[in-house]
Structures are given as structure tokens and as C-alpha cells.
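In what follows, a structure is listed as C-alpha cells, so that the remarks can point back to it.
The values are calculated or read from the model by the stated rules, or taken from the named source; none is laboratory data. Bear in mind that the values here come from a model prediction, so they are computed numbers and not experimental data. No Cβ is skipped: glycine too gets one built from the backbone with ideal geometry, and neighbour counts run over all protein chains shown. When the accessible area is computed, the model is the full protein with side chains, heavy atoms only, and any ligands, DNA or RNA have been set aside. Shrake-Rupley method; radii C 1.70, N 1.55, O 1.52, S 1.80 Å.
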Amino acid sequence: MIDSSDLDFDRRHLWHPYTSLADPLPVYAVESANGYRLKLADGRELVDGMSSWWCAIHGYNVPELNRAATDQLAKMSHVMFGGLTHEPAIELGRRLVEITPDGLERVFLADSGSVSVEVAMKMAVQYQHARGRSRTTFLTLRGGYHGDTTGPMSVCDPVTGMHQLFTGFLPKHEFYDRPPGGYDAPVATAYLAGLKAFFATHADRAAAFIVEPVVQGAGGMHFYNPAYLRVFRELCDRHGLLLIYDEIATGFGRTGKLFAGGDAGAIPDIMTVGKALTGGYLTLAATLCTGEVADTIGRGEAGVMMHGPTFMANPLACAVAVASIDLLLREDWQARIHRISRGLSLHLRPAARSAAVKEVRVLGAIGVVETRDAVDVAKFQAFCVERGVWIRPFGRLIYLMPPYVISDDALELLCTTVVKYVLALQPENDP
Ligand code: PLP
């Protein structure tokens, strides 16, 4: 049982994501998690609004996933993938080839989302190199987020990714504005003209264009019309760039489609998935590419894909991922996403009445309340925990992405808590 000395140790010695050890934010100790609830060490239960950052789509302590993990544990938790292979990797590979957009048929199993983006970028550079082109720059959109290791960070939004701080360390790539907001917003012709000019200026040095399709997540929870993906595809084809979709956050149903870019009629050359891949149980990601990309790399100078992490295709993680995909596809996941979407739209709507709120937007099982000023994370979380919910805002964004198994009542509680907070968020009425 965690006591105050344990929490004191945590505060002094353990870094949490994006925090300072000189002035750490408060943390809450979790003892266990079940379904859509987290149980704190002090006995309080919280409805989870975050799916542990897009991962725990089936909730926690899921019998099917537990069984897959324990069955696999009894066989082997890990063996190297160099020169060896195993059923969990093969089964996972089969499923990924089957459920991702047509043409994506070669699979690299990586150990985290960021690593899978590193692999995608290296694939693109190796592909261009094998075609006799020295193209090492990446084109991308402002407001993107692709992970925290060096390659992905260099294509994250330059401001929120703090490129200034890392000048000289990060490679320099080229950024263009993200498409105007709104899933249903008409395609903006002025935007397209600018994008075409951007490609014309930089394409001859560029290996690939990397984007999060339809939803930019950690870079601002920004939704845009899938029709832009077709333009991205056309421009990449015209200028000889590969198109990379980073579906690490959006994959496995979250936006209402199995993959956000999946049916927009614009298939990428390379695609990354992660997060919900194992239902949030273990760290695993994958980089898929077309046969053309893989075969071209094979004909290149190296003759091989130059990446091979120690924990590549970890059998335990692969076995859980297979079980998670099977569970998702066995259930009527689309009906679940629609139900959550309706609940989010209905119950978050009153937040728009607050003068402190800039916009409320919902897509699939993602609900966003964008405030005018940065949210005080510690104050907001204390407010939520008192009311039995777990939500972690960042910047001016309070967002919900609950496990797909959440009940209607629990979803309503998440939303009404957010609404209460923002309605009270007036200068004279600070919650
Ligand atoms: N790409 C996207 C779109 C993400 O949202 C994230 C994580 O939030 C990543 C990449 C990095 O994944 P990981 O944190 O597993 O390295």
C-alpha cells in the first residue's frame, strides 16, 4: 500500500511526462483498474476519460487480454526476432495486413510509437536513396505531433515541439500550415494553392510528407476534412515523395473509422500504428509499407532495412495485440463509437455557453473543449478527482477519449464535470 513516504520518493526521484523535478505537479497513486474505472490507493474510484492516452480502448483488466498475456507468458515472454520468429508475430502481421488499407502489406514491428515513426522516416530515406535520389528532408504540417525521439520530434510542431531549444540537435524540415479546422468544413482553395506552392518549393529535397490523417492529436486536437488527404496523395505522386500516415493515435476505431485515413481514397505508402494496438496492455507499434517501398529498399545499397530493436516483435505484446484486435472486430465497435459520439456531443454542448470556452468539438469518440486561456492542470485535476473522474488537460485543451466500454451514465459524468468547471471559469467565479 502506497504511503506518503512513497509519494515523497516519487516527487523527488521520478520524472513524469513533461514535468519538472524542481517543481513537480501532484500525482495520484493508482492501485488497480477495472473496466472504465481507476481505483486510487486511497480507495476512491475514478471514471477514466483518457483511455490512458488513447490506448485502453477495451478498458482495464479485460479477461480476453489477460488470458492472451498469461497463455503467452507460459510459453515465452520474449525471444529475439533476429533469425527467429513466432506465432504471435505472424498472427499479428496477418491481421495488420488484412485490416489496414489495401496495399500496406509489409510490417515492421517496433517497440513504441516514436520508434515506429523513426522507422517510417528511415524507410522513406532508404527508399529515396535506393532510387538514386539524395532526399532527406521531410515535409509536414504545423500543429503535428509524432513522438519525442529525435526524428519524430523534428517533424512535431516547431513551437510546441520546442525546436528553438533543440536547435543544432534536431534536423531541419519544412512545415506548412495545417488544413483549416472542421471535419465537414469545405476544402479551402486558397489553402490548396499555398500547399501546392510549398511542395513546388521544397519537393526536390524531400523524401516524404508525414501527417496525422484527419485528427492532429497532441499538437492541438485539430480535426480536418479527409478530402485533404487526396490532395496530399496527388502532390506526393506528382513530386515523387512518399506519403506517411501516422495513425498511432487515430487507429483502431477512435475517429469512427477503423483507421482515420482508411477510406478517404488516398492510401499512404507508409503507415504507423501503436497505442491501442495492444489495448493499452504493453508497448508495441508497427510501421506498415507497400510492397513497392519494401522491394525498393531491398534493392538499395544497404539491401536491408537498417533497423532492428532488441524487443522487436515481443511475443507477449504481439499475443495481446492479436487478442485486442480480435476483440475489437468481434464487437460492434462502430455502434459503440457512435453512442459515445452522441453522448459527447449532447453533454459537452453546454460548455460552449462559457465565456472561457473558444470551441467545443467532437469527432468519433473524441470530445474537445478548447478554452481561451491555458487550463490550470493541478486545479482542474483536483476538481475532477473530487467528483470521481480522471481527465488530463494540456494547454488550452480539455479533451475526453474514454474506453469504448464506458457506460452512458459514466460518460455523462465525465462531460458534466468538464461543463461545470468551464462554466465556473469566469474571472469573478474561479472554481
Ligand atoms: N504519433 C502520434 C500521433 C502520437 O499521438 C504519439 C503519442 O502520443 C506518438 C506518435 C508517439 O508514440 P509513443 O508515445 O508511443 O512513443
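Return the FRET efficiency for the residue pair A197, A382: r is the Cβ-Cβ distance, R0 is 30 Å, and the value is rounded to the nearest 0.05.
0.05
Check cross-link reach from K379 to the lysines: straight Cα distance under 19 Å, and skip same-chain residues fewer than eight apart.
Here the lysines satisfying the reach criterion relative to K379 are K420.
Could you give the dipole magnitude of the stretch 162-262 about its Cα centre, charging the beta-carbon of Lys and Arg +1 and that of Asp and Glu -1, in debye to the nearest 20?
40 debye
Within the stretch 82-181, what whole-number % of the accessible surface is contributed by carbon and sulfur, with the 1.4 Å probe and all protein chains included in the calculation? Intermediate results must be reported in sequence, preceding the final value.
Details: 2490 of 4640 Å².
Percent of accessible area from carbon and sulfur atoms in the stretch 82-181: 54.
Explain nothing, just the number: relative contact order of the chain, from Cα pairs under 8 Å at least 6 residues apart, as a whole percent.
Relative contact order comes out at 22 percent.
Calculate the all-directions average of the projected area of the stretch 202-360's alpha-carbon convex hull, and give it in nm².
Seen from a random direction, the Cα hull of the stretch 202-360 projects 12.6 nm² on average.
Taking only complete DSSP H runs, can you tell me which helices of the chain stretch 15 Å or more along their own long axis by Cα positions and average at least -1.0 on the Kyte-Doolittle scale?
63-75, 87-99, 113-130, 189-202, 227-239, 315-330, 333-348, 408-423
If a paramagnetic tag sat 7 Å from the Cα of L165 along the Cα-Cβ line, which residues of the stretch 218-242 would have the backbone N under 18 Å from that point?
218-220
Just the accessible area per residue of the chain, please: how many Å² with a 1.4 Å probe?
Result: 44 Å² of accessible area for each residue.
Take the eigenvalues of the Cα gyration tensor for the stretch 75-330, scale each by 5, and report the square roots as semi-axes in whole Å, largest first.
Values: eigenvalues 159, 89, 59 Å².
Gyration-tensor ellipsoid for the stretch 75-330: 28, 21, 17 Å.
I want to verify the translational diffusion coefficient of the stretch 303-350 in µm²/s; compute it with Stokes-Einstein, Rh as the Kirkwood radius over Cα pairs, at 10 °C and 1.306 mPa s.
In µm²/s, the coefficient rounds to 111.
Apply the Debye scattering formula to the chain, with a single equal point scatterer on each alpha-carbon and no solvent, then give log10 I(q)/I(0) at q = 0.08, 0.13, 0.14 Å⁻¹.
-0.45, -1.23, -1.41
Using a Förster distance of 56 angstrom, determine the FRET efficiency expected from the C-beta separation of D237 and H78, and round it to 0.05.
Working: r = 41 Å, r/R0 = 0.72.
Computed FRET efficiency for D237 and H78: 0.85.
Can you find, among T189, A321, G308, the residue farthest towards the positive end of the dipole of the stretch 75-330? Put +1 on the C-beta of Lys and Arg, -1 on that of Asp and Glu.
Farthest towards the positive end: T189.
Grab the Cα-Cα distance for E87 and D373, subtract it from 0.36 nm times how many residues apart they are, and report the gain in nm with one decimal.
97.9 nm
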